[in-house]
Every structure is written in C-alpha cells, then in structure tokens.
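The values are calculated or read from the model by the stated rules, or taken from the named source; none is laboratory data. Only a predicted model underlies this, so the values are computations on that prediction, with no experimental measurement involved. Here the Cβ positions follow ideal geometry from the backbone for every residue, glycine too, while neighbour counts run over all protein chains shown. We work out accessible area using only protein heavy atoms, side chains counted, and drop any ligands, DNA or RNA first. Shrake-Rupley method; radii C 1.70, N 1.55, O 1.52, S 1.80 Å.
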Amino acid sequence: MGCDGGTIPKRHELVKGPKKVEKVDKDAELVAQWNYCTLSQEILRRPIVACELGRLYNKDAVIEFLLDKSAEKALGKAASHIRSIKTVTELRLSDNPAWEGDKGNTKGDKHDDLQRARFICPVVGLEMNGRHRFCFLRCCGCVFSERALKEIKAEVCHTCGAAFQEDDVIVLNGTKEDVELLKKRMEERRLRAKLEKKTKKPKTAECVSKAGATDDSAGPSKVKAGKPEEADPDPREKKSTLVSKGTAANGNASGKAGKPPCGALKRSIADSEESETYKSIFTSHSSAKRSKEESAHWVTHTSYCF
C-alpha cells in the first residue's frame, strides 16, 4: 500500500475527518458590502441607490436589470424584489474629507486603507465602513448613523427637515433579522398600496356619475332662469304679439261661428273699381295677354307663364 522509500505518512493523510467550514473574512465581507454594488459587483459610484431591504446598488445597474430581466444572470436573485425604479431610493451621502481614494496611490507603492470610508454621518461624523450601523430615510434619502438617530431624537430629518415615521427608517446592510423585518414591512406596504388603488377606482366612478347627475339637474334650472329674460321683449314686439294674438282670436271666433265661402275671399282685379293704369300692372289684364302668333314656339324657353 505504498510507503516505499522510507516515507512515513501522517494520520491526517490516512484518516479523512469532517470537512472544516470555510470562514469568510469579515473585513473582506464588509468591504464588498459597503464599497461594491450588490447587483453588478462594481465599485459604487454616484448616483447610488438603496432598495427596501437596505442593499446598495449603482443606479445604472438597476436600470439595466429592469430593462433586461434574463434568467441567465446569477445575481438577479439579489434584486428580484425590485419591480420598478420607484421601489428604489436615491441616497444623499456626505463625503468623507479624509478619504483620498486612488489619488495618492498612482504608482501602486502605497498601502490602501480599506477601512477608510468614502462617506460619513453628517451628524456624528462616523465613517460608513460597516463598523457602525447606518440607515436611510425612504421619504428623502438622507443617510445617518443609527447612533445619531438615537442620540438626537426627532420626527424631522436632520439635514433636509422632511418629516418621517418609524417605517421610513431602513437599516443599510443589516443582519438577517433586520432583513426579515424589512421584508415584512415591504409586503405590508405593497398590500396597503393595492388596497388603496382598489378603493380609489369605485370612488372615481361615483364622482363621474355624480358629475353627470349635477349636469342633468343644472339644465332645466338654466332654462328656468332664462325665462324672465325671454319674457321681457321690447315694447314694439309686445304690441306686434298682441295684435297677432287679437287677429288669431277673431279668426278662431269667426271660424267657430261659420266660415265664409271660398269665393267670397277671392277678388279679381278686373272686377275692381281701380283705374285702367293700375290694372295694366297685373298679368291678368288684357294688355298683358298675347296672341298665339306673338307667343314663342313651344320648344323655346319663355319666361312668361300664363
């Protein structure tokens, strides 16, 4: 079984024991969480956004993920709860004046202090490197350390003055317990939004129906209001209407008593006592009539109609 040439095996080479659990370096984990995007694994650069579970992303990476939700992306599970850009909050971060970045290490001969953070708390001055708990407000996006919120208790944001509630405070890169609590809040918030949408729809329909009913009821009132104006015409019009009404009444009365014969209403001008010059104006006069020789041929057009 081997061991030729004077080799002496040790116990751990012959006996296979249980595998050791690989321990993750805490410093490396903190650097990955606070300096790199959760979705694209690139260095965080402004604009930086945070989801409802307190994870940090580059805004460009979130937009690309929403436009192309392919199943091939292994990191898509980390952002599966992001449905739209509205569910993400853009953060207002305060720069750390002591952070130089890569400016002083152009040659690569200097030590990079990974514990030095790019951003700090604007109230207390703690660095946002994972050693201290940080949180942000959903209403305005301002970022503070948890110590600042505990020491300075207020219902208004310390930088912009926006009012907030306890549900608006979200812990950044929290523990598993914090993530579970934030998930429950997120689900409750979304259910509440759905219920509000359902209640708004029937209300809008009722408002439309009420508006239609008010328009219908306002129609006859306008007509009634317009009657006095129509009932006050000019005095001349009043006289003409009175005369026409009087003649119509007389005609109705005479019609009821007995209608005159039709021949009595017609009166020929030839039988009238007018002068001959006056009678010659009309076509029924003998001077206006033409003989057959003077009349035009039947094919041609004549303006005279006898």
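Things to note:
- Of the candidates N35, N58, the single residue that is farther than 18 Å from S84 by Cβ and of a type outside the set (V, I, T) is N35.
- Residues of the range 120-132 that are surrounded by fewer than 19 Cβ atoms within 10 Å (Cβ to Cβ) and closer than 19 Å to E90 by Cα: P122 alone.
- Subset of the range 153-203 [under 24 Å from R92 (Cβ atoms), open to solvent by 100 Å² or more (accessible area, probe 1.4 Å) and part of a helix (DSSP H, G or I)]: E166
- Here the range 67-81 is the region considered, the condition is being open to solvent by less than 70 Å² (accessible area, probe 1.4 Å) and either of a type outside the set (A, V, I, L, M, F, W, C) or modelled with pLDDT of 90 or more (or both), and the residue that is nearest to C142 (Cα to Cα) is H81.
- Scanning the range 26-55 for residues that are open to solvent by less than 90 Å² (accessible area, probe 1.4 Å) and part of a loop (DSSP other than H, G, I, E, B) yields C37, T38, L39, S40, E42, L44, P47, C51, E52, L53, G54, R55.
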